[in-house]
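Written out below as structure tokens is the structure these notes cover.
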Amino acid sequence: MVSRVEHPAAGYKKIFDSVEELNEPIAATVIGTVPSWLGGSLLRMGPGLFEIGSEPFYHLFDGQAMIHKFDLKNGQVTYYRKFIKTDAYVRSMTEKRVVITEFGTTAYPDPCKNIFSRFFTYFKGMEVTDNCMVNIYPVGEDFYACTETNFITKVDPDSLETLQKVDLCKYVSVNGVTAHPHIEPDGTLYNIGNCFGKNMSLAYNIIKIPGPQKDKSDPIEKSEVVLQLPSSERLKPSYVHSFGMTDNYFIFVEQPVKINLLKFLSSWSIRGANYMDYLVSSWVYCRGSLHMERVCCNEINMTIILSLLYYSIRATQTVSLDSHDFVYNYLYLANVRENWDDVKRAAMKAPQPEARRYVLPLDIHREEQGKNLVSLPYTTATAVLNRDGTVWLEPEILFSGPRQAFEFPQINYTQCCGKKYSFAYGLGLNHFIPDRVLRRTVIPQSQCLWPPLKQNRRMMVRHVILVKPGTERPGSLLILDAADLTEVARAEVDVIIPVTFHGMYKPRVSCQV
């Protein structure tokens, strides 16, 4: 008999199972004390449906969008969830099959149609998904769920009802935008996306959507392109997941993970394809690596400090991203649903994320070639001016550990976006399964984690969704003291909560009569 080793959180595979939406909010059992001043809603996005009829979705990023809400009021907590009624969801549920191609799942013509209808369906062109299961953010006074295409979906943050599908292509020249915009204190939103122009020209457009309007008009109608950056390769735009912004600068990393656009479009038209099929690695001036989440960007004395999470790619030329090079390959559902020892074995081959700090001096016109231009005392990052005027950057590794990943980084965005920061929070991934909360101090470097430390410091809170399959109340909202990650309270519900990716906390606005 072959022995199997279970993950410490037994039943972890249940976070990758389909769930049903709720008809009404359910009351949570509160353990500990929720601070009386803490009122509002934690909104989270993620996949909630992993198959349509008998047809499965194959990748973690393909499951149909579900919005979750933990509502906090007067020390009590409720939990609610609904599917976002996107076109992808409604049409698939109606036809009982996968209708629109997703990140790692290809949709095929209706097999019930005759052969001529199926044939011509292949030549109708690319239909882009609106499956907005990645993040949610405010635009003006409204809230939009998003993925990484040109479609965003307006939702009601109270009832969780789907209100309106919006195509950003109608307002600005983009073919898709990231799920990680930057939002200024006045509500102004900046984002970046690919732009496919005439004659197959490629560029990256940074767009601006203003904050709430005094006349109550829709800010999206006033969207504009504020900056265009050319692509280094004509037919291979970079995959763009996030970007940086300070008070005076945008920071964009054109990374070596590319979309082979010509092959992608031709294959889609003839035989069908999904987005994963035609991601390739290609680079000239940088070592192969995939930049996913940014931690923070800030500027000090004409110097940009950029902190990112990187996954190394082991390749030396333009090649397809095979299973040993690209972390997204490990997120196919067949892989994450394996038994724990199989998940661990596969993860041993996977690239590991590193938190890196890069430093780029901006005033370099009088500097000496070949000399380290970084003078900041608290970093070992270097920047060297080359003969051609380019600057070669070597990072400082903030933290890195084999199969003990730090992911989904967060900072105090309101106070530290574009500013110097001291702490970063994130999840610890045990072979791709999140089972820890981490707090990293970057200057000087140190770490604390949850499960909690037995210390008592001033109260700051951080919200985390916790899932413990197999227990009486498997889903929880965990409230931690952000100073040392000691547990303040938890609100438990008797339903499984599937994996979520990103979200936001919406404070309750008190109304005075």
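The values are calculated or read from the model by the stated rules, or taken from the named source; none is laboratory data. Owing to the predicted nature of the structure, the values given are computational and were not obtained by experimental measurement. Every residue, glycine as well, gets a Cβ built from its backbone with ideal geometry; the counts of neighbours run over all protein chains shown. When the accessible area is computed, the model is the full protein with side chains, heavy atoms only, and any ligands, DNA or RNA have been set aside. Shrake-Rupley method; radii C 1.70, N 1.55, O 1.52, S 1.80 Å.
A few remarks follow.
Rundown of residues vs (1) within 23 Å of the chain's Cα centre (by Cα); (2) assigned to a helix (DSSP H, G or I); (3) surrounded by 17 or more Cβ atoms within 10 Å (Cβ to Cβ), yes/no style:
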| residue | (1), (2), (3) |
| --- | --- |
| Val343 | yes, yes, yes |
| Arg356 | yes, no, yes |
| Asp363 | no, no, no |
| Glu367 | no, no, no |
| Ser375 | no, no, no |
| Gly389 | no, no, no |
| Tyr425 | yes, no, yes |
| Val437 | yes, no, yes |
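- Just one of (1) modelled with pLDDT under 95; (2) in a strand (DSSP E or B); (3) among the hydroxyl-bearing types (Ser, Thr, Tyr) fails for Ser3. It is (2).
- Picking from residues in the stretch 455-513 that are among the small types (Gly, Ala, Ser) and open to solvent by 70 Å² or more (accessible area, probe 1.4 Å), the one that is modelled with the highest pLDDT is Gly470.
- Residue-level check: of (1) open to solvent by 60 Å² or more (accessible area, probe 1.4 Å); (2) among the aromatic types (Phe, Trp, Tyr); (3) under 20 Å from Arg440 (Cβ atoms), Tyr421 misses just (1).
- Residues satisfying the stated conditions in the stretch 137-165, i.e. assigned to a strand (DSSP E or B), closer than 14 Å to Ala65 by Cα and open to solvent by 10 Å² or more (accessible area, probe 1.4 Å): Phe151, Lys154, Thr162, Lys165
- Put simply, of Ile259, Ile251 the only residue that is modelled with pLDDT under 90, under 22 Å from the mean Cα position of the chain (by Cα) and under 24 Å from Leu309 (Cβ atoms) is Ile259.
- Enumerated strands (runs of 3 or more DSSP E) restricted to the stretch 8-76, each holding at least 1 residues that are in contact with a Phe, Trp or Tyr (Cβ under 6 Å, 6 or more places away or on another chain) and at negative phi: 40-49, 64-73
- Verdict on Val134 being touching a strand residue (DSSP E or B) at 6+ places or on another chain (Cβ under 7 Å), at pLDDT 60 or above, crowded, with 16+ Cβ neighbours inside 10 Å and over 21 Å from Ile152 (Cβ atoms): no
- Within the stretch 141-170, residues that are farther than 19 Å from Glu127 by Cβ and among the basic types (Lys, Arg) have Cβ atoms under 6 Å from residues that are open to solvent by 40 Å² or more (accessible area, probe 1.4 Å) and modelled with pLDDT of 95 or more in these pairs: Lys154/Asp142; Lys154/Leu163; Lys154/Gln164, counting only partners at least 6 apart in sequence or on another chain.
- Restricting attention to the stretch 42-59, the residues that are open to solvent by 10 Å² or more (accessible area, probe 1.4 Å) and within 22 Å of Val467 (Cα to Cα) add up to 4.
- Selection from the stretch 195-207 of residues that are out of contact with any helix residue (DSSP H, G or I) (no Cβ under 9 Å at 6 or more places or on another chain) and within 16 Å of Lys170 (Cα to Cα): Cys195, Gly197, Asn205, Ile206
- Of the residues Tyr79, Tyr12, the single one that is modelled with pLDDT under 95, of a type outside the set (Lys, Arg) and buried (at least 20 other Cβ atoms within 10 Å of the Cβ) is Tyr12.
- Filtered residues of the stretch 324-341 (kept if farther than 23 Å from Pro47 by Cα and either in a helix (DSSP H, G or I) or open to solvent by less than 40 Å² (accessible area, probe 1.4 Å) (or both)): Asp325, Asp341
- Within the stretch 19-41, residues that are under 14 Å from Arg508 (Cα atoms) and among the hydroxyl-bearing types (Ser, Thr, Tyr) reach partners that are in a strand (DSSP E or B) and open to solvent by 20 Å² or more (accessible area, probe 1.4 Å) with beta carbons closer than 7 Å, at six or more positions or on different chains, in the pairs Ser41/Asp71; Ser41/Lys506.
- Complete set of residues in the stretch 391-418 that are aromatic (Phe, Trp, Tyr) and either surrounded by fewer than 20 Cβ atoms within 10 Å (Cβ to Cβ) or touching an Asp or Glu at 6+ places or on another chain (Cβ under 8 Å) (or both): Trp392, Phe399, Phe408, Tyr413
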